[in-house]
Amino acid sequence: MRKKITIFGSTGSVGDSTLDILNLHKDKFELIGLTINKNYKKLINQIKIFKPKVVSIRDEIAYQEFKKENPDPSIEVLSGKDCLVDILDYEVDFIMASIVGSAGLLPVIKAAEKGIDIGLANKESLVCSGNILKKILNKTKSNLLPIDSEHNAIFQVFEKSNQDQIEKIILTASGGPFFKKTCKDLAHITPEQAIEHPNWKMGKKISVDSATLMNKGLEFIEAHYLFDMPTDKIDVIIHPQSIIHSCVEYRDGSILSQMGTPDMKTPIAYALSYPKRTNASVQKLDLTKLSKLTFFKPDHRSFPSLNLAISSLEQGGSAPTVLNAANEIAVEAFLNKRIPFLSISKVVDLTLNKSNICEMNNIEDVLNIDKESRKISESMIEKLV
């Protein structure tokens with residue numbers, strides 16, 4: 001029997017790669033649903049090729065335009081504020097959660113409540129509501145399979161039965177496009193420069209996060225929740241080649257790592273096929289052609305976002321939720337050329353200091369804090385411009 005799949009955020013880079021894997025293994029996977037925000041033109045092309053049973057369009061204008069050009073009237077089309085949740089009424093075994101930002105939070109929560117396995121490319125779900133999501137997962141036994149290359153790598157070499165023997169987990173970071181740049185160098189960085197990642201093909205928001213090292217900060221928080229590791233047992237190192245995707249160090253001195261070419265199809269294929277493995281159709285890593293693998297400590301002075309994320313996790317409560325919301329608003333302002341690159345971390349820091357950090361008991365608390373934090377961030381931006 002084929003595994004039934006719905007992709008949340010099908011027009012992004014993870015969505016594209018997931019569809020490539022599904023197309024490669026039509027005998028193993030059946031596409032049920034696709035969701036998008038605005039890119040209805042690309043959705044139309046995906047429908048023609050992959051023929052899903054249902055699609056969900058969050059943006060109302062995109063929905064109205066899609067209806068005029070819908071290539072297949074037999075497909076169910078959902079819209080409105082609840083469409084990302086409503087699509088889960090169509091039976092699936094696995095969702096690929098690749099919506100960027102906190103917008104992807106509710107579908108992940110609802111999928112977990114239904115006991116659906118989740119491929120998690122939306123790190124904000126754990127950053128914003130880690131404890132809440134974990135309680136649901138423990139109750140329903142839904143499998144949460146990390147898609148980020150770093151967490152997927154750790155997942156593959158993390159011996160859960162020997163967790164007490166683990167010294168630490170090591171997250172690798174490419175360093176982004178501005179590795180070894182100083183604060184002075186970063187003063188006049190443009191959005192066009194920030195989205196040009198040297199190794200990975202990603203969307204604009206995550207590319208900027210990689211450039212500020214906030215992406216690694218969010219992954220630090222995500223790793224804490226995924227693997228039940230305290231902050232003093234999580235380390236970050238810069239590895240510009242992006243060949244070793246992360247490591248686990250054990251008490252006996254052994255360090256186990258997962259290696260491969262930088263291609264998101266590898267962790268996607270792993271998650272889709274778990275606990276088995278399947279061909280991802282990626283370029284294989286030839287060890288004889290590797291000239292060197294280098295590693296460096298992060299530059300926290302030039303890239304303060306990493307420490308802001310770690311500090312928010314240590315502070316606890318709503319602090320990571322505030323951090324994430326502030327970062328989303330600040331990155332958007334940078335991409336729209338409202339603030340300079342170095343002000344992204346300033347906005348996040350100011351928002352954290354201005355916010356009332358509190359405990360969160362349910363998803364409604366998370367959404368309310370997210371909304372309030374965005375308002376505070378906007379006010380901080382207004383003071384900076």
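Under 17 Å from the 7 Å Cα→Cβ point of Q315, by amide nitrogen: which residues of region 95-131?
Counting only backbone N, you get 127-130.
Need the full-extension length gain, K141 to E372, defined as separation in residues times 0.36 nm minus the C-alpha distance. One decimal, nm.
Numbers: separation 231, 0.36 × 231 = 83.16 nm, distance 3.23 nm.
Working it through step by step, the gained length comes to 79.9 nm.
Taking a temperature of 4 °C and a viscosity of 1.567 mPa s, what whole-number D in µm²/s does Stokes-Einstein yield for region 149-212 with Rh from Kirkwood over alpha carbon pairs? Could the numbers behind the result be given before it?
Details: Rh = 13.9 Å.
Translational D for this selection: 93 µm²/s.
Ranked highest first by the average count of other Cβ atoms within 10 Å around their residues, in what order do 199-208, 158-167, 227-236 fall? The partial results should precede the final answer.
Values: 199-208: 18.6, 158-167: 11.8, 227-236: 15.5.
Going from most to least packed, we get 199-208, 227-236, 158-167.
Treating only the Cα positions of region 176-216 as identical point scatterers, give the base-10 log of I(q)/I(0) from the Debye formula at each q in 0.19, 0.24, 0.26 Å⁻¹.
The Debye formula, applied to the Cα set alone, gives -0.47, -0.75, -0.88.
So, in Å, what gap is there between the alpha-carbon centers of region 122-142 and region 19-65?
26
Two-decimal Rg/Rh of region 201-243 from alpha-carbon positions, Kirkwood Rh?
Details: Rg = 11.7 Å, Rh = 11.5 Å.
For region 201-243, the value is 1.01.
List the equivalent ellipsoid semi-axes of region 3-147 in whole Å, largest first, each obtained as the square root of 5λ for an eigenvalue λ of the Cα gyration tensor.
Numbers: eigenvalues 117, 56, 33 Å².
Taking √(5λ) for each Cα gyration eigenvalue gives 24, 17, 13 Å.
Of the peptides 279-288, 77-86, how do they stack up when ordered by the mean number of other Cβ atoms within 10 Å, highest first?
On the way: 279-288: 11.8, 77-86: 16.4.
Sorting 279-288, 77-86 by mean packing, highest first, produces 77-86, 279-288.
Determine Rg/Rh for region 45-115; Rg is computed over alpha-carbon atoms and Rh is the Kirkwood hydrodynamic estimate from the same atoms.
Numbers: Rg = 12.7 Å, Rh = 13.2 Å.
Across region 45-115, the Cα-based Rg/Rh ratio is 0.96.
Which one of L120, I154, T182 has its Cα pushed farthest toward the positive end of the charge dipole of the chain, where Lys and Arg give +1 and Asp and Glu give -1 at the Cβ?
Farthest along the dipole direction, towards plus: T182.
Can you check what the Kirkwood hydrodynamic radius comes to for region 133-265, Cα pairs only, in Å to one decimal?
Result for region 133-265, one decimal place: 15.9 Å.
Quick one, which of [x] 29, 54, 14, 3, 0; [y] 27, 58, 15; [z] 28, 61, 11, 0 is the actual P(r) over Cα pairs in 20 Å bins from 0, in percent calculated for this model?
Working out P(r) over Cα pairs in 20 Å bins from 0, in percent from the coordinates points to [z].
Identify the trypsin sites (Lys or Arg not before Pro) of region 305-385 meeting these criteria: DSSP loop state and at most 13 other C-beta atoms within 10 Å of the C-beta. Show your work: numbers first, answer last.
On the way: sites: K337, R338, K346, K354, K371, R374, K375, K383; in loops: K337, R338.
Taking region 305-385 and a limit of 13 other Cβ atoms within 10 Å, the loop trypsin sites (Lys or Arg not before Pro) found are K337.
Just subtract the alpha-carbon distance of N361 and I75 from 0.36 nm times their residue separation and send over the number in nm, one decimal. If you can, show how the numbers build up before the last one.
Details: separation 286, 0.36 × 286 = 102.96 nm, distance 3.81 nm.
Length gained between N361 and I75: 99.1 nm.
Once you have the Kirkwood Rh of region 316-385 from its Cα pairs, apply Stokes-Einstein at 4 °C and 1.567 mPa s and quote D in µm²/s. If you can, show how the numbers build up before the last one.
On the way: Rh = 11.8 Å.
In µm²/s, the coefficient is 109.
Using square roots of five times the C-alpha gyration tensor eigenvalues, list the equivalent-ellipsoid semi-axes of region 97-177 in whole Å, biggest first.
Working: eigenvalues 100, 68, 21 Å².
Semi-axes, largest first: 22, 18, 10 Å.
A short reminder: the numbers here are calculations on the coordinates, not readings from a lab. As the structure is a prediction and not an experimental result, all values here were calculated from the model. When we count neighbours, we look across all protein chains shown, and the Cβ atoms used for this are built from the backbone with ideal geometry, even at glycine.
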